[in-house]
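Below: the structure, in structure tokens.
No value in this document is a laboratory result; all are computed from the given coordinates. Just so you know, these numbers come straight off a predicted model, no measurement behind them. Here the Cβ positions follow ideal geometry from the backbone for every residue, glycine too, while neighbour counts run over all protein chains shown.
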Amino acid sequence: MQCRDFGQSIDWEPSALGFGAMRLPTDEDGAVDDDRAIEMIRTAIDNGVNYVDTAWPYHDGESERVVGRALEDGYREDIHLATKMPSWEIETQDDLDEYLDAQLDRLGVESIDCYLLHALGQGFWDTYQSVDVFEWLEAVRDAGKIEQIGFSFHDDPDLFREIVDAYDWDFCQIQYNYLDEAFQAGREGLKYAADQGLGVIVMEPLRGGRLATDLPDPVTEAFDAAETDRSPVEWALQWLWDQPEVSLVLSGMSTMAQVRENVEIASRSGVNQFTADDRTAVTRARDRFRALMAVDCTGCDYCMPCPSGVQIPRNFDLYNRLEMGDDPEAVVSAYDDLDAEARADACVACGECEDACPQNLEIISLLEDTHANIEAARA
């Protein structure tokens, strides 16, 4: 697998594809299926992936534990390990020590290669400055607990520039795909960070899987009209790898088939491989996609679990599918298959989801719209 440049301060090259342990396979009870997850992570590593990413909240903390198990038997030496400080849990500098030590224990390692401040927005950024996070980061790096220092980001471009300029970061992680080219940090932030010498990791390259399967007919037609024949997954991934500022594309794979497909596509990745016709096809597909979307939800699950049991991303997915032309009867049937407390109309407007949403969606009103439109489709 090809490797990429990773900024000015890091002396190793990341594989084009990284393994994101956010959407590991689960069993019928919703718990991580350890054996399948470990096999997938190791298969990715055996095929050239050298960056594995997890975080404190993924799978209610089980992701870090499973990743640690997957890196046993010599696999730890083959990869660069990344995890993230849970920003929402931090009130004092002592909290920073508590969570980092707990993460080292969960992962079963003595040091974390790439450590990120998770999901920075204005509120978390203010908190980190109040607890002298940079002083702390330098101290734990000097102690050998972490090596490279970065942050993941969910806010506007102005704040992104402020954060980039505030510290001598090694790398950053942004949400970026052909639908989100002008969202949050976006292309502007990608180029700015790269110009400052940071490595840039891309998350949500397939927008929670929405760019991978069951594309709306107008979007499929846009790609089919291109001179180059690619699957939806390859269009999305290669569009990213075509850009020299992208250091690594982080894919949250949940099946072995996805691992094998993504690894195979990554083997053909490279900078400036897209033709003018390819870029036109992606622009046309993006414009058609955006015209059809009712809810700009990425399926990241930061809003979950809902205290009332509402399956927020699933409801929004059904609403989007209805608006994009899926069979109304099938959408209504899928909605009815949800437990009563999981449907959109079970929302009690507590607002916890809106506080947690990195997309800043007005989830409460959007759930009302979801229920109303799906009910209207019964006719």
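For this structure, a couple of remarks:
- For GLY18, nonlocal amide neighbours, meaning residues 5 or more places apart or on other chains whose placed amide H falls under 5 Å from its own, are VAL249, LEU250, SER251.
- In terms of other Cβ atoms within 10 Å, LYS191, LYS145 run from fewest to most in the order LYS191, LYS145.
- For segment 105-160 and segment 1-64, distance of Cα centres in Å: 19
- Spin-label pair THR220/ASP277, simplified geometry with 7 Å Cα→Cβ offset, distance in nm: 2.2
- Projected label distance in nm at ALA334 and ALA379, using a 7 Å step from Cα toward the beta-carbon: 2.3
- Relative contact order (%) - criterion: Cα under 8 Å, at least six apart; region: segment 312-376: 41
- The loop-placed GluC sites (Glu not before Pro) in segment 176-250, going by DSSP, that have at most 12 neighbouring Cβ atoms within 10 Å of their Cβ come out as GLU227.
- When only Cα pairs below 8 angstrom with a gap of at least 6 residues are kept, segment 131-284 shows a relative contact order of 20 percent.
- Cysteines having no other Cys beta carbon under 4.7 Å from their own, within the chain: CYS3, CYS114, CYS172, CYS297, CYS300, CYS306, CYS347, CYS350, CYS357
- Cut-off 14 Å between beta-carbons: net charge of the residues surrounding PRO244, Lys and Arg +1, Asp and Glu -1: -2
- Mean Cα-pair separation over length for the chain, i.e. relative contact order, pairs under 8 Å, 6 or more apart, %: 15
- Fewest-first ordering of PHE289, PHE160, PHE134 by other beta carbons within 10 Å of each residue's beta carbon gives PHE134, PHE289, PHE160.
- Expected 222 nm ellipticity per residue - DSSP helices of 4 or more, -39500 (n - 2.57), all of the chain, to 500: -13000 deg cm²/dmol
- Histogram of C-alpha separations across the chain, 20 Å bin width, %: 28, 60, 12, 0
- By the count of other C-beta atoms within 10 Å, a proxy for reagent exposure, ARG4, ARG284 are ordered fewest to most as ARG284, ARG4.
- Evaluated with a Cβ-only charge set (Lys, Arg +1; Asp, Glu -1), segment 204-326 carries a dipole of roughly 280 debye about its Cα centre, given to the nearest 20.
- Label positions at GLU77 and ALA139, each projected 7 Å from the Cα along the C-beta direction, are separated by 3.4 nm.
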